[in-house]
Structures are given as C-alpha cells and as structure tokens.
1. Name the residue that is surrounded by the fewest Cβ atoms within 10 Å (Cβ to Cβ), counting only residues in the range 280-316 that are part of a strand (DSSP E or B) and β-branched (Val, Ile, Thr).
2. Please tell me if Pro17 is open to solvent by 60 Å² or more (accessible area, probe 1.4 Å), farther than 27 Å from Val267 by Cβ, part of a strand (DSSP E or B) and of a type outside the set (Phe, Trp, Tyr).
3. Any chance you could count how many residues in the range 328-353 are under 21 Å from Ala30 (Cα atoms), assigned to a loop (DSSP other than H, G, I, E, B) and within 11 Å of the chain's Cα centre (by Cα)?
4. Does Ala318 satisfy the condition of being under 15 Å from the mean Cα position of the chain (by Cα) and small (Gly, Ala, Ser)?
5. Please state which one of Ala47, Ala30 is in contact with an Asp or Glu (Cβ under 9 Å, 6 or more places away or on another chain), of a type outside the set (D, E, K, R) and farther than 29 Å from Glu209 by Cβ.
6. With the structure loaded, tell me whether Ala12 is among the aliphatic types (A, V, I, L, M), open to solvent by 30 Å² or more (accessible area, probe 1.4 Å), at pLDDT 95 or above and under 29 Å from the mean Cα position of the chain (by Cα) or whether it fails that test.
7. What are the pairs, 6+ residues apart or on separate chains, where a residue within the range 65-76 that is crowded, with 17+ Cβ neighbours inside 10 Å has its Cβ under 9 Å from a residue that is part of a strand (DSSP E or B) and not charged (D, E, K, R)?
8. Name every residue in the range 354-364 that is assigned to a loop (DSSP other than H, G, I, E, B), of a type in the set (Asp, Glu) and touching a residue at least 60 places away in the same chain (Cβ under 8 Å), in order of residue number.
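The values are calculated or read from the model by the stated rules, or taken from the named source; none is laboratory data. Keep in mind that this is a model prediction, so the values were computed, not measured. All Cβ positions, glycine included, derive from the backbone under ideal geometry; neighbour counts span all protein chains shown. When the accessible area is computed, the model is the full protein with side chains, heavy atoms only, and any ligands, DNA or RNA have been set aside. Shrake-Rupley method; radii C 1.70, N 1.55, O 1.52, S 1.80 Å.
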Amino acid sequence: MLIQNAMIYTMAGDPIPNGYLMVQDGKIAAVGPMPAPDAVGEEVVDAGGSSVYPGFVDAHTHLGMWEDGLTFEGDDGNEDTDPITPQMRGIDAVNPLDRCFEEACAAGVTTVITGPGSANPIGGQLAAVKTAGRRIDNMVIQAPVAMKMALGENPKSTYHGKSQTPSTRMATAALIREELYKTRRYLEDLELSRKDEDIDPPEYDIKCEALIPVLQRKLQVHFHAHRADDIFTAMRLGREFHLDYVIIHGTDGYLITDDLAGEDVPVLSGPILCDRSKPELKNLTPACPGMLQKQGVRIAIVTDHPVVPIQYLPLSAALAVREGLEREEALRAITINPARICHIEDRVGSLEPGKDADFSIFRDDPLQISTKPEMVFVSGRRVF
C-alpha cells in the first residue's frame, strides 16, 4: 500500500508537509517527501492533503477487563481475594470482542496497555496489545509489559471492608516490600542450587517466579499513585529495589515536579477528563500534564478506560492543550512518549521504517472535538 500527498506527522522528527508512506507486509517500508516511489501493483491512496498520524497509544487502561454494559459478569480486573497476586496475567481476562475495542479503533487508538486494576498492592501482569482483532494471543505486542502495583486509597479501602490487611498505607507498602524481599531470597536460593548440585532448589513459588523479572529490571513496574505521599512511597520502593518503574495517574505530580524530574520518574498522567470522585483526586487538574512536561518530567496522557472511555484519549490530550500543554507535546503524549516510557517504541508510537503500520488519516486536527479519522490502519490493515 502507498499513501501519498499527505501531511505526515512521523513523531520521529519534523512533519513532512507533502509526503508518502509505503506499507509492506504489515510494516512501514518507507516514509518521506513526495514524489513517492513507483507503486506498480500496489494499492495507492491519495490523501489529498489530509494528515497521517501514528496510531495513538494509551499506556494505562483496563480495556476488555471491565466489559462495556456488564456488571459482575464482565468485571475481571481485580482478584481481591488476596492482596498479593503477581501471578495474575491480564491477557487471561481480556475480551477483545468487547465493543470498546471497536470504539478505540474508530478514534485512532491502535495500541493500549491493559490489565489488572488497583485493588491489590501487587495486582498482576499488564499487557501491551493492539485494539484490532478477536483473539488476544494474536493482538499482543508484549505480555507481560509491566507489573501492576498500587498504593494509597484503593488497596486500603478494598481490604479494610474485609477486616483484612492492608488497611493502612504502611501495610500496603510493607506487603509489597515483603514479597520483593521474599523473591530476592528465592532467586538467591535458585542460583545457589544451580551452582551446587548438593543444594536443593526452593519449593516452586509462582508469585516469586512472576516477580523475578521485576528484580532483574527486565519487567517494568507501574505504580498506581495519586497523592504526593504515595508517589514518594513508590519512589522509595523503586530506589530500595532498584526497579524500572513509572507512576500511573500522578494526580499530585504537579506539586512535586522537582522531585519527579530530579529522579527521572515518568508519569502516565490521567484520567483528566473526569470528576473528583474520591479524596485522592481533590487536587485533580487537567493542567497537570503541561506543568509536568514543562518541568522536564517525561509524560504520557492516559484514559484509565473505562474511567474515561477509550475513544476520548485524543480529547483528553486536547484538554491538556487548552490548559497549557503545547500541541506538539500533546501529540507526543499519546504516540511516541507512551511507547518509549513503556519500552515498546520498537513497534509503535512513530512512523518509521520497520515499525508496525499502525496509523490514522485525519482531514482536520485530531485534537478538535468535532474531528474523527477518515481511515485507521492496524498492521497495514484498514480497521475503520
């Protein structure tokens, strides 16, 4: 396929005012200024001056985990019978036939990170997936892509109602710390048994096995944290165990920008298109992404679907622009930034040769509320 005569926002450099995009075998084969190379036997789409953007990336959702229009039967995001569940795999709960996947595609959102919620201090494994498809195994970009951990109000309120630990912030952090120390010891015992045949390996522990890549910095940690003190707890745990981690939500992040920037802690900022529905959100402002970015904090904008429906990711970015974030930075916050922060930039987030051919064609500005894509492609296949 050849897309030509388009304004191309590669997100890897300056926009190409009149360019082309060539797709082959589901990948981007070439991108550059017109004239395009000969495309004998190829499908040619003349964009007529429309703009081409990378498929949007939402780095924090629960898409397919809480199904649209259902209650308990479709609620599969929190295994709240045990506060420590690192062995849970989000892909085992995602239903790609939930209609919200179609709504994501129709809005140009082609990649999401989805998985467990924030009821548990350690909730389980998140996955980066495409939004087009019917079998989750064929939609995976990376699984697991991160381990979900949660601080603050959500674990506390979940288990207080059960008269079970954790019912305080102390206990939430302590449970995470205990499991990471246990995993460190488990890993040491495994390594000793491999070096010395006279030493038996430890009894198999699926929770520790799931956390070994976290301690080895092969698997990122996504810390749910709204309040400043909870963000600092995440940072403390990150330093203690030398974790590769990011902050999800970071509602109070704009109050502590120097600390976040000073330790290069990225923030997946959002949802910002919602109400202050609980005490931790009392400082919520859509100006947060702009204030973070201006102080040097690496940011992405997220919906936390279904808190904000997935199709409103571009609208969330537009709201951040209204409140001070520069337009180019807002586009980066829903394309290349989340891809880089979450280590999936080799596949998605920008229009570069070798990457997946995920892109949208817009006649007007995608950050306008009245705009929707003319066409959306995932892995070179038109899905809208």
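1. My answer is Ile299.
2. For Pro17, the condition - open to solvent by 60 Å² or more (accessible area, probe 1.4 Å), farther than 27 Å from Val267 by Cβ, part of a strand (DSSP E or B) and of a type outside the set (Phe, Trp, Tyr) - is met.
3. Residues that pass the stated criteria total 2.
4. Criteria not met by Ala318.
5. Ala47
6. The answer is yes for Ala12.
7. What qualifies is Met65/Thr114; Asp76/Trp66.
8. Asp358, the sole residue that qualifies.
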